[in-house]
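Where a number appears in this text, it was derived from the coordinates with a stated rule and is not lab data. On a predicted model such as this, the values are computed, not experimentally measured, just so you know. Virtual Cβ from ideal backbone geometry, glycine too; neighbours counted across all protein chains shown.
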Amino acid sequence: MWNKFCPVKGEEVDADVPTFEYQGKVIGFCCPGCDKKFQKDPETYLKNLNEDGSEFIGS
């Protein structure tokens, strides 16, 4: 998985939650439902993560 924190809520990624592949990266999420929100507007949610996905920098 590319990221350590959910791009939607900022919580730690849960390996048991479905992932989504976007621009060649496997994006992980903290809980069911975040993947669906991400799919609706991926660019906005990706801005919540730093360049390597290791930190949540959104609000």
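Details
- When the criteria are applied in full, D35 meets the requirement of being within 9 Å of the chain's Cα centre (by Cα) and of a type outside the set (A, V, I, L, M, F, W, C).
- Members of region 3-59 found to be assigned to a helix (DSSP H, G or I), in contact (Cβ under 8 Å) with a residue 24 or more places away in the chain and loosely packed, with under 13 Cβ neighbours inside 10 Å, listed by number: none
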